Amino acid sequence: MTLPDDVLIDIFLSLPPHPSCLLRASLVCKNWHSIIVDNRFLQRFQALHGFPVLGVFTNSTLIPRFLPVGDPPNRVAAASFSLPLPDTHWHVLGCRHSHILLVGSTWNQLLVWNPINGHERLISAPPDVDPRFNYGQVPESNAAVVCAANHAVHGYCHSCPFFIVWVFTTTRYAYITRYSSEKGSWEMMASSPVPSDVDFRPSILVRNILYWPLKTKYILAFELVTHRLYHIECPPETHDIYRRNVHIMKTEDGGLGLAAVTKFTMRLWAWETDVKGVTGWVLHRIIELDKYLPLESLPSMDNHPGGRPPVRILGFVEDGDLVFIWTKTGVFAVQLKTMKHKKVFEADVCASVYPYTAFQIAGVVANDGGNVAAAE
């Protein structure tokens, strides 16, 4: 007996969002495969479950550049996510909409890479950051990749056109230049005075606005639709906090948020507009991390001149509530809503991590060699 497609769809939608579930179901037969690889089904599945986190990319040369976070059989093979060679040449700038944005060691080339289907696109850096026009150096820069298709919900964007938004700061001004994969060219979009240079920490996309941290107590914002460029001051309580422990994030309702950690305490703010139309930071939550994570025996080094804080934020999943936290006992993935947590690896990760979320589906996840990026 063959079940109708609509019944199969309901069954598939009830599958848990583990990396291997849809992959294994798609291998059963051609009909199941055709249903699961259909974009309409994937969009419904994503709306119900979100994308699973397959692992995190790092810029460390002392540990693997990709660290899977799942348990077998839902743990992806790290080899399927090896950076393009030579891997030491590339620095990860961010992961979004199925793509990873890499920059060359001399900041003169960018690579947009999709590890799910193996597609790569090599792009020259914008001419505006040519060292010949900037006192012999590439100005302080960061960049982000975003899907250029007009989706209601982004996510399954493997073959979509994309934009690269490059921000650079020089002589107390920030500049935005944008690359279009359809046009194959860069275009200067905006400029604005800023109080400090752009930082190396990753961007976050919130309601069609890209946000980057600056090196001091401010956040830079660029509106993708209006091309408006401006900066926002962080809450005064965060001004003296170790800057790697202040991270931009999304709030539960999809707005702009900020997380900061001092000692074992995490504070979460939201950028909100009150009934009088005044916009500002509102403290929403205080989390005592040592009540949930095994941190009791760790000494505090918050103000120690040569030491690292005992707890550090490594990165957030942009479209979820999962945060990766470093402690001296390991790196934990923590769901902020429930505070469920799991130690994901022992590696001493000392800088930002870049979570990668995606589905793995047979016939869609082939890499350049034609091999399916299957679970281990």
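The values are calculated or read from the model by the stated rules, or taken from the named source; none is laboratory data. Keep in mind it's a predicted model, so treat the numbers as computed, not measured. Neighbour counts are summed over all protein chains in view; Cβ atoms, including those assigned to glycine, are modelled from backbone coordinates with ideal geometry. The protein model used for the area step is the full one, side chains on, heavy atoms only, and it has no ligands, DNA or RNA in it. Shrake-Rupley method; radii C 1.70, N 1.55, O 1.52, S 1.80 Å.
Scanning the stretch 4-21 for residues that are in contact (Cβ under 8 Å) with a residue 24 or more places away in the chain and farther than 28 Å from V69 by Cβ yields D5, L8, I9.
Pairs linking a residue in the stretch 117-145 that is closer than 15 Å to T170 by Cα and of a type in the set (D, E) to a residue that is open to solvent by less than 50 Å² (accessible area, probe 1.4 Å) and in a strand (DSSP E or B), with Cβ atoms under 6 Å and 6 or more positions apart or on different chains, are D128/T177; E140/T169; E140/V198.
Filtered by the rule that a residue be more than 13 Å from T238 (Cβ to Cβ) and in contact with a helix residue (DSSP H, G or I) (Cβ under 8 Å, 6 or more places away or on another chain), the stretch 261-288 gives a lone residue, F264. Scanning the stretch 312-333 for residues that are closer than 22 Å to P115 by Cα and open to solvent by 40 Å² or more (accessible area, probe 1.4 Å) returns a single hit, D319. Residues in the stretch 320-333 that are in a loop (DSSP other than H, G, I, E, B) and either over 24 Å from A144 (Cα atoms) or touching a Lys or Arg at 6+ places or on another chain (Cβ under 7 Å) (or both): D321, K328, T329.
Cβ-Cβ contacts under 6 Å between residues 6 or more apart (or on different chains), taken from a first residue in the stretch 195-211 that is under 15 Å from T170 (Cα atoms) and open to solvent by less than 10 Å² (accessible area, probe 1.4 Å) to a second residue that is part of a strand (DSSP E or B) and polar (S, T, N, Q), are listed as V198/N142; V198/T169. Residues in the stretch 22-34 that are open to solvent by less than 50 Å² (accessible area, probe 1.4 Å) and in contact (Cβ under 8 Å) with a residue 40 or more places away in the chain were compared, and the one that is farthest from the chain's Cα centre (by Cα) is S26. Note on the stretch 253-279: among residues that are exposed (fewer than 13 other Cβ atoms within 10 Å of the Cβ) and not basic (K, R), the one that is nearest to Y218 (Cα to Cα) is T279. Meeting the requirement of 2 or more residues that are farther than 19 Å from T338 by Cβ, within 27 Å of the chain's Cα centre (by Cα) and modelled with pLDDT under 85, no strands (runs of 3 or more DSSP E) wholly within the stretch 256-316 can be named. Hey, does the stretch 245-252 have a residue that's within 23 Å of V317 (Cβ to Cβ), among the hydroxyl-bearing types (S, T, Y) and outside any strand (DSSP E or B)? Yes, the stretch 245-252 has at least one match.
Hey, any hits in the stretch 110-125 for a residue that's within 16 Å of the chain's Cα centre (by Cα), closer than 16 Å to S203 by Cβ and at pLDDT 85 or above? Taking every residue of the stretch 110-125 in turn, at least one turns out to be within 16 Å of the chain's Cα centre (by Cα), closer than 16 Å to S203 by Cβ and at pLDDT 85 or above. The C-beta contact set for the stretch 310-338 (first residue among the hydroxyl-bearing types (S, T, Y), second residue part of a strand (DSSP E or B), distance under 6 angstrom, 6+ apart or interchain) comprises T327/V311. Number of residues in the stretch 67-103 that are open to solvent by 10 Å² or more (accessible area, probe 1.4 Å) and aromatic (F, W, Y) equals 1. In the stretch 217-235, the qualifying residues are those that are within 16 Å of F168 (Cα to Cα) and in contact with a Cys (Cβ under 9 Å, 6 or more places away or on another chain), and the one that is most open to solvent (accessible area, probe 1.4 Å) is Y218. From the list L42, L48, the one residue that fits, being part of a helix (DSSP H, G or I), open to solvent by 70 Å² or more (accessible area, probe 1.4 Å), at pLDDT below 90 and farther than 27 Å from D348 by Cα, is L48.
Within the stretch 216-232, residues that are touching a residue at least 40 places away in the same chain (Cβ under 8 Å) and outside any strand (DSSP E or B) reach partners that are exposed (fewer than 14 other Cβ atoms within 10 Å of the Cβ) and among the polar types (S, T, N, Q) with beta carbons closer than 9 Å, at six or more positions or on different chains, in the pairs L224/N208. Residue count for the stretch 118-144 under the criterion of being under 13 Å from V167 (Cβ atoms) and outside any loop (DSSP other than H, G, I, E, B): the result is 7. Within the stretch 334-353, the set of residues being open to solvent by 10 Å² or more (accessible area, probe 1.4 Å) and not in a loop (DSSP other than H, G, I, E, B) comprises Q335, H341, K342, K343, V344, F345.
Taking the stretch 4-21 as the range and being open to solvent by 60 Å² or more (accessible area, probe 1.4 Å) and over 23 Å from the mean Cα position of the chain (by Cα) as the test, the residues that pass are P4, D5, D6, D10, I11, S14. Which pairs do you get when a residue that is at pLDDT below 85, found in the stretch 59-75, comes within reach of a residue that is among the aromatic types (F, W, Y) and surrounded by fewer than 17 Cβ atoms within 10 Å (Cβ to Cβ), reach meaning Cβ atoms under 6 angstrom, with the pair 6+ apart or on two chains? Partner pairs satisfying both residue conditions: none exist.
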